[in-house]
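Taking it in order: structure first as structure tokens, then the write-up.
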Amino acid sequence: MVTDFVVTAGELPKRLDIFLVNREPKLSRSALQRLIGQGRVRINGQVVKPSQKIKPGDTIAFDTPKAEPFELKGEAIPLEILYEDDVLLLLNKPAGLVVHPAPGHWAGTLVNALLHHFQTSGGTVSTIGGKERPGLVHRLDKDTSGVMVIAKTDEAHRALSAQFKHHTITRVYEALILGVPKKGHGLIELAIGRDRKERKKFSAHTARPKESVTEYKVDHRFGKLAAHVLLYPRTGRTHQLRVHLTSLGHPILGDQTYGGKKVCTVESVEIPRVMLHARTLGFHHPSTGEFQEYTKPFPSDMEQVVQALDGLTPPHSARKS
């Protein structure tokens, strides 16, 4: 399908591939470069290179390839299962594991692991999410670790989704952030949506802001260098915690997307990934109505960063709030 659009006034000159990667967030820059090389992207009717600079008034014809049908296959990827019964499954997702298949990640995802688990155990999985997201009631970013619930039946999926929609789910996250907030406890209320210019990011600079609220509490200070915070999201927007903490002036360590290079190293401590962990998940069981809550402390990579930060901090300045 060919889409024609005109570069709007006020757009700064930039490389075509960089312009498109912000406009088409589902396609990676390398994928867009391949499409440009195949002649699927034209500027003012001319075949161009990825490095071609766009300018206001240019007409871009973008030939989007049809999605090729694929068959998801189960893969023997280890899962840390916290609980399982006939209608749901609780697991601790490791950092670095993509949740569902998408361009660039058609294999090696949590969904592939779940399919293998259900195939070998004889269990079922909810079909509401479609073949790409079977059983997925919610998701965590690739670099975020922590507790997730998977629906094994359509009825359980609908019941759990309703709880997420009405914000009756209990969720507690923990993060390591740059610097220390002035207030030890507070509420961040900032409506966010997909950023107007950088389409892979979310921010308050959006055409469609959605109410977003996060409660935070400082649990531990590492002098003035960093802090360990507990987060209680009252809404569930994409990248909400990452955007809210950045708006507070204290981006999550390792989150280069929102914090830049300054969050990748704290003095001599290198940060291996986004230091965000979904610690606690509580909900009413879809079948019994009984409230269940599951907690998993943050993993060893975050613990190692905590110990390293403690090593940089004089004993009198590292303290609990």
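Assorted remarks:
- Most to least packed among 171-178, 200-207 [average Cβ atoms within 10 Å]: 171-178, 200-207
- Checking the Cα-Cα distances for Lys183/Lys224; Lys142/Lys217; Lys165/Lys210 against a 20 Å cut-off, the pairs over it are Lys142/Lys217.
- Lys, Arg +1 and Asp, Glu -1 on Cβ, resulting dipole of the chain about Cα centre, debye, nearest 20: 1440
- Relative to one another, the C-alpha centroids of the stretch 89-119 and the stretch 230-300 are positioned 19 Å apart.
- J(HN,Hα) series, the stretch 125-130, from Karplus relation 6.51 cos²θ - 1.76 cosθ + 1.60, nearest Hz, glycine and proline x: 9, 4, 9, 4, x, x
- Dividing the mean sequence gap of close Cα pairs (under 8 Å, 6+ apart) by how many residues the chain holds gives a relative contact order of 14 percent.
- Ranked by the mean number of other Cβ atoms within 10 Å per residue, highest first, peptides 297-306, 133-142, 182-191 order as 133-142, 297-306, 182-191.
- 5 angstrom amide H check on Lys14, placed H, neighbours 5+ away: Ile54
- Listed residues His244, His166, His100, most fluctuating in the chain (Gaussian network, C-alpha, under 10 Å): His166
- Compactness of the chain, taken as the C-alpha radius of gyration over 2.2 N^0.38 Å, stands at 1.11.
- Using the Cβ of Gly193 as centre and a radius below 10 Å, the other residues enclosed give a net charge of +4, where K and R count +1 and D and E count -1.
- Placing unit charges on the Cβ atoms of the charged side chains and taking the dipole of the chain about its Cα centre, the candidate lying farthest along the positive direction among Ser300, Leu276, Ala191 is Ala191.
- Cross-link partners of Lys55 among lysines (Cα-Cα below 18 Å; sequence separation of 8 or more within a chain): Lys14, Lys197
- Per residue, the Cα convex hull of the stretch 170-320 amounts to 124 Å³.
- Packing-based order for 143-154, 217-228, 274-285, 72-83, using average beta carbon neighbours within 10 Å, highest first: 143-154, 274-285, 217-228, 72-83
- A simple charge model with +1 on the Cβ of Lys and Arg, -1 on the Cβ of Asp and Glu and nothing else charged puts the dipole of the stretch 1-127 at about 960 debye relative to its Cα centre.
- Placing R0 at 25 angstrom, the Cβ-Cβ distance between Arg29 and Leu312 gives a FRET efficiency of 0.10 after rounding to 0.05.
- Kyte-Doolittle mean at least -1.0 and Cα axial length at least 15 Å: DSSP H helices in the chain: 110-121, 154-165, 300-312
- Annotation: amide H-H contacts under 5 Å for Leu88 (H modelled 1.01 Å from N, sequence separation of 5 or more, or interchain): Lys152.
- Trypsin sites (Lys or Arg not before Pro) within the stretch 3-36, DSSP loop, no more than 15 other Cβ atoms inside 10 Å: Lys26
- DSSP bridge pairs, the chain: antiparallel proportion in percent, nearest 5: 95
The numbers here are math on the coordinates, done by the rules we state, and not lab data. Every value quoted in this text rests on a predicted model; they were computed, and no experiment measured them. Don't worry about glycine lacking a Cβ; one is built from the backbone with ideal geometry, like all the others, and counts go over all protein chains shown.
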